[in-house]
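Chemist: Have a look at this one before I ask anything.
The values are calculated or read from the model by the stated rules, or taken from the named source; none is laboratory data. What you see is a predicted model, and the numbers here were worked out from it, not measured in a lab. Don't worry about glycine lacking a Cβ; one is built from the backbone with ideal geometry, like all the others, and counts go over all protein chains shown. We work out accessible area using only protein heavy atoms, side chains counted, and drop any ligands, DNA or RNA first. Shrake-Rupley method; radii C 1.70, N 1.55, O 1.52, S 1.80 Å.
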Amino acid sequence: MTTPRKLVLIGAGEFAEIAYEYFTHDSPYEVVAFAVEDRFRDAPSLFDLPIVSVEDLERTHPPDDHAAFVAITNTQLNRVRARLYAATRDRGYPIAKYVSSRAFVWRNVEIGENSFVFEHNVLQYHVKVGNDVVLWSGNHVGHRTVIRDHVFMTSHAVISGYCDVGESSFIGVNACVGDHLTIGRDCTVGMGSVVVRDTEPGKVYVGNPAKPLEKSSYDTWKVPEALR
Ligand SMILES: CC(C)(COP(=O)(O)OP(=O)(O)OC[C@H]1O[C@@H](n2cnc3c(N)ncnc32)[C@H](O)[C@@H]1OP(=O)(O)O)[C@@H](O)C(=O)NCCC(=O)NCCS
């Protein structure tokens, strides 16, 4: 079966608008609709395309001839995007990914589905990027580093070689991570912070050298108790 080229974007916020632009002008996909959960559906259309209900998607845009991409940012430390990605995949939709034609991606780099790689990212030799990862513009990801599922990396971070960036972590602008380091799952690395040691899961690290704040990553991003 060939992958459908008609694409539904899940979400209708700013990232969905940006994803619409990028998929339309720099990918083989044709965006045909946006979909949001019923309780957030407050407009009928965007860019002259329908905004349909996620709950009704099989009827309006069936998975046999539509792919989907979940365009949600880091709300609740990536929990909202992760939930909608899993649900959409489980309903049988082929899941798209986007890699900018202006990114540098070495030939043996692996990038999972529902991941979005903006312009000027550098993904070096044997880098692995999991599913549902957002790499906003201009990051450097050094050789053999692994970026695990649901990570949100903002812009111009430098992750050195042989690192392991834990699931659902958030990396702020201009952060810097030394080589061979592990960022624990659910960590937040603040903007401009310099990580020189492995970090513990669920903590917020700021400063140079980066130290943990008392407040957890879960409190910072208001993650509901049940999802911590
Ligand atoms: C780390 C971060 C999430 C913390 O936000 P917060 O929970 O609202 O924390 P606060 O602003 O209350 O800061 C708590 C303390 O940490 C300090 N701090 C926060 N971020 C810091 C940073 N990046 N570097 C150094 N210190 C920092 C604050 O000065 C404050 O110190 P104080 O208690 O001595 O006054 C936030 O500062 C950050 O860096 N966000 C990333 C921004 C970004 O990259 N945006 C890109 C677009 S999505």
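Chemist: Looking only at region 144-162, decide whether some residue is in contact (Cβ under 8 Å) with a residue 40 or more places away in the chain, more than 11 Å from the ligand (Cβ to nearest atom), of a type in the set (Gly, Ala, Ser) and crowded, with 16+ Cβ neighbours inside 10 Å. Talk me through it step by step, then tell me what you get.
Modeler: Quick first cut of region 144-162, residues in contact (Cβ under 8 Å) with a residue 40 or more places away in the chain only: 149-152.
From the residues that got through so far, the ones that are more than 11 Å from the ligand (Cβ to nearest atom) too are 149-151.
If we keep only those that are of a type in the set (Gly, Ala, Ser) too, we end up with none.
No, region 144-162 contains no residue that is in contact (Cβ under 8 Å) with a residue 40 or more places away in the chain, more than 11 Å from the ligand (Cβ to nearest atom), of a type in the set (Gly, Ala, Ser) and crowded, with 16+ Cβ neighbours inside 10 Å.
Chemist: Pick from Arg41, Arg81, Arg91: which is touching a residue at least 40 places away in the same chain (Cβ under 8 Å) and farther than 16 Å from Ser27 by Cβ?
Modeler: Checking each option against the conditions leaves just Arg81.
Chemist: Just to be sure before I move on: is Ala67 touching a strand residue (DSSP E or B) at 6+ places or on another chain (Cβ under 8 Å) and either open to solvent by less than 30 Å² (accessible area, probe 1.4 Å) or among the hydrophobic types (A, V, I, L, M, F, W, C) (or both) in the structure I sent?
Modeler: Judged against the criteria, Ala67 is a match.
Chemist: Of the numbered conditions (1) over 25 Å from His120 (Cβ atoms); (2) in contact with a strand residue (DSSP E or B) (Cβ under 8 Å, 6 or more places away or on another chain), Val165 fails exactly one; give the number of that condition.
Modeler: (1)
Chemist: Now a separate question. In region 169-205, what residues are open to solvent by less than 10 Å² (accessible area, probe 1.4 Å), part of a strand (DSSP E or B) and charged (D, E, K, R)?
Modeler: None - no residue of region 169-205 is open to solvent by less than 10 Å² (accessible area, probe 1.4 Å), part of a strand (DSSP E or B) and charged (D, E, K, R), so the list stays empty.
Chemist: Also: State the number of residues belonging to region 116-143 that are of a type in the set (Gly, Ala, Ser) and either away from the ligand (no atom under 16 Å from the Cβ) or assigned by TED's automatic domain parsing to the domain that holds Glu17 (or both). Don't jump to the end; show me each part of the working.
Modeler: Taking region 116-143 as the starting set, the residues that turn out to be of a type in the set (Gly, Ala, Ser) are 130, 137-138, 142.
Subset that is either away from the ligand (no atom under 16 Å from the Cβ) or assigned by TED's automatic domain parsing to the domain that holds Glu17 (or both): 130, 142.
Residues that pass the stated criteria total 2.
Chemist: A further question follows. In region 163-190, which residues are at negative phi and near the ligand (Cβ under 10 Å from one of its atoms)?
Modeler: In the first step, residues of region 163-190 are kept if they are at negative phi; the result is 163-167, 169-173, 175-179, 181-185, 187-190.
Of everything in region 163-190, those that are at negative phi and near the ligand (Cβ under 10 Å from one of its atoms) turn out to be Phe170, Ile171, Gly172, Val173, Ala175, Thr188, Val189, Gly190.
Chemist: When you look at Gly92, is it of a type in the set (Gly, Ala, Ser), modelled with pLDDT of 95 or more, more than 17 Å from the chain's Cα centre (by Cα) and on the phi > 0 side of the Ramachandran plot, yes or no?
Modeler: Working: of a type in the set (Gly, Ala, Ser): yes; modelled with pLDDT of 95 or more: yes; more than 17 Å from the chain's Cα centre (by Cα): yes; on the phi > 0 side of the Ramachandran plot: yes.
Yes.
Chemist: Which residue, of Leu135, Leu57, is within 30 Å of Arg228 (Cβ to Cβ) and either open to solvent by 20 Å² or more (accessible area, probe 1.4 Å) or within 16 Å of the chain's Cα centre (by Cα) (or both)? Working first, answer last.
Modeler: Numbers: Leu57 fails: either open to solvent by 20 Å² or more (accessible area, probe 1.4 Å) or within 16 Å of the chain's Cα centre (by Cα) (or both).
Result of the check over Leu135, Leu57: Leu135.
Chemist: Checking the structure you have, find out if any residue of region 107-127 is buried (at least 17 other Cβ atoms within 10 Å of the Cβ), in contact with a strand residue (DSSP E or B) (Cβ under 9 Å, 6 or more places away or on another chain) and under 21 Å from Arg197 (Cα atoms).
Modeler: Yes, because at least one residue in region 107-127 is buried (at least 17 other Cβ atoms within 10 Å of the Cβ), in contact with a strand residue (DSSP E or B) (Cβ under 9 Å, 6 or more places away or on another chain) and under 21 Å from Arg197 (Cα atoms).
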